[in-house]
1. What is the helix-to-structure angle for 229-240, meaning the angle in degrees between its Cα long axis and the longest Cα principal axis of the chain, kept from 0 to 90 and rounded to the nearest 10?
2. What net charge do the residues around D673 carry, taking every other residue with its C-beta under 10 Å from that of D673, with Lys and Arg at +1 and Asp and Glu at -1?
3. Over the chain, what is the relative contact order in percent, taking alpha-carbon pairs closer than 8 angstrom and at least six residues apart?
4. Name the long-range amide H neighbours of L350: under 5 Å, sequence gap of 5 or more, or other chain; modelled H, no Pro or chain starts.
5. Debye calculation, C-alpha points only, no solvent: report log10 I(q)/I(0) for region 17-140 at q = 0.10, 0.19 Å⁻¹, in the same order as the q values.
6. Just rank T650, T191, fewest to most, by other beta-carbon atoms within 10 angstrom.
7. Can you work out the Karplus-derived ³J(HN,Hα) for every residue in region 558-572? Use 6.51 cos²θ - 1.76 cosθ + 1.60 with θ = phi - 60°, whole Hz, and x for glycine or proline.
8. Which three extents, in angstrom, do the Cα atoms of region 111-197 have along their principal axes, listed largest first?
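Quick note: the coordinates plus some simple rules give every number you see, no bench work behind them. Treat the numbers as computed from the prediction; the structure is a model and nothing was measured. Heads up, the Cβs are rebuilt from the backbone with ideal geometry, glycines too, and the neighbour counts pull from every protein chain shown.
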Amino acid sequence: MLSTTSFAFLKPFLPRRLQILLRRALVNLSLPFYKDIWPIDPKSAKPPEGWMGWPEGKKFALILTHDVDTQQGHDNCLQLAEMEKRMGFRSSFNFVAEDYKVSQKLQNDLRTNGFEIGQHNIHHKNPFTSKEHFQKLATKINHYLKEWNAVGFHSPSMYHNLEWMHELNIEYDASTFDTDPFEPQPDGVGTIFPFWVSGNSNQKGYVELPYTLPQDFLLFILMRQKNIDIWKKKLDWIAENGGMALFISHPDYIDFNNNSHYEKYPVKYYEEFLTYIKDRYKDQYWHALPRDMAKFWQFQCSKDSFMSTLKKSKKRACMLYYMKFKGSAILYREAKALRDKGFEVDIICLRESKDEKVIQSYDGLNLFFIQSRPTSEQKAALYFLRLIFFCIKSFFVISYLGLKKRYDIVHVTAPPDIIVFSTLIPKLLGAGIILDIHDIGPELYMRKLNVSEDKPVIRLLKYFERVSARFADHVITVTDIWRDKLLKRVNQGIKCTTILNVPDENMFKPSSARKPRPENGCNLFYHGSFEEHFGVDILLKAMPIVKKQIPQVKLDLYGGGRLYETMMNLSKELDLDDCVHFNGAVPFFELPEILKKADIGIVPTKASVFSDEALSMKSLEYMTLGIPIVISKTTAHSYYYNDSMVVFFTPEDENDLAKAIISLYQKSEAERDGLIDGAMKFLDEQNWSHARESYYKIVESLVDPGKTNVP
């Protein structure tokens, strides 16, 4: 498919009519892919932090602007202004300085009648082709700004670079949009509110005014709409959410003389829309010129308590994890939290297969799959070799992206701990570094290598753990047990917070409904990795005993890992084919619906040197869905859970596991519900909504040091 970027390259070589036809085809082909974000992106409705509302308590703000691209558009300006004045509106007209003769008389007439003049570049071309080119243009643009007594800038075709714009002597810029994937530079800012773009020590800031209603050229020339329904739909949504309705139209494309033309639309559409605004929302909107909005917003931004999160136009974050994206609900949970907070989020991780595209996107997140990893990874040497390659690749990828995007936050998930040093370049550029220790390193590799704590390799790993924790700006662990151990081992004043691996309740929706007690048979479920310490072998060895007491029992296993085939062979040896079903790995976003079929969830974690202190995320997922669980009584599980919430069994004891499963199956409906209620009570205090606030405090303390105190 021809992209908007490719079209921008070809544009100078194509006749105008062919340009229109190609752009029309591009829009029609791509429209189905953007139905979730255009013309309305629901995420852009979130008001800025500390938002106090529009002047005079108005419901929403309205700004009318016009970009004048050609001489013909220039000659139509007065007629358009007279119509707006007659209907009680005022607007700004933005002129290209040297593509046509800009009449001083027209400017004077517009100002006299309460309209505003803005600057629309020297020529109607992309001003941001290079920094050197823009700096040369900036001198000329500033000259015309002063000559025209203008304080605002609109870039042609919505090209933008908010950092470079500080070269201009402006109070506001209007070269962005909340959402418009059909622009040559389609990166929307994701808000229907203005925002402040701060400068550095020797540059002043300015207000950015994104347009929030689709442009007339897109609707009527490219999409050939025959009514104003899209304008009305978007305006109603903006009004409902109390945002800013900023509208760009072009006198160049408005047909005032009722002449049919492939690049014109009837003036009645614009007039009808103004009438709709005036009648539908009488006395409900604050009608402002762009310069007035800029003054209002700048005044609000000067208040210490207002919009402190909008010091930049777009915050950026990167997440780094030696894990496949579809296999990690935790990675998605944290990335989505940052996205919802207004960050542009990049994720660097493993890909599912060698044939998968390296760069993809999912739910507004940018995915970079830089290395594959086989599911059945048997040899320790290959495991560590791949890990080293991933660290090296990560360093180069994140250094390149960090230089290009200037991340505010880099969130690195361990193991390995030393992967945090991949973030050296972003850290030197000012990014806050989070080291998220999901698996505590020395103990994990003691289990993987089957060695004791006094071995040189484990002492080396403890050294890596110390220097990695000290390199990071904040450390997250997933249990209080690991937090205490880490603080003792690092022995330095690091900032460390516990955030449990609780599921996102937007995905694993808490269930108040209670499934009836199973009468004929029982659906047992296990989901997760097939690794030694997760105890799938213990569960399979328990099944012949369970089968005798619950004749129609079924066990569904979901997941993958090094021992997947080994466990399938063990199931065959135990003659369990009739009741045990291996379903393979499924994407995290399909899991909640699958788990709803479970009557009992099984968490058979072994009490190894590593897993004994780990809190199983799968146990929390079962609990959230209202599924009673049988779980091994490890140190971590008994630290957080009790007999009013779960049914415990002795770790690595298949007989006791079978006994616990049968016991839970035989419990009355009231007893089962009591366990679920106990688990829900725990989740009322330990859930992602609460944990996310702790996470946000950590992020805010790194983006804006001194603002937030993190416990």
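1. Around 70 degrees separate the two axes.
2. Values: positive: R514, K515, R517, K667, R672; negative: E669, E671, D677.
Within the 10 Å Cβ shell, the charges total +2.
3. Values: 1274 pairs, mean separation 66.6, N = 711.
Worked out over the chain, it gives 9 percent.
4. Counting only residues 5 or more places away or on other chains, the set is M323, K324, F325.
5. -0.54, -1.13
6. The fewest-first ordering by Cβ neighbours comes to T650, T191.
7. Each residue's phi maps through the Karplus curve to give 10, x, x, x, 4, 9, 4, 5, 4, 5, 5, 5, 4, 4, 5 Hz.
8. 35, 34, 23 Å, listed from the longest principal axis down.
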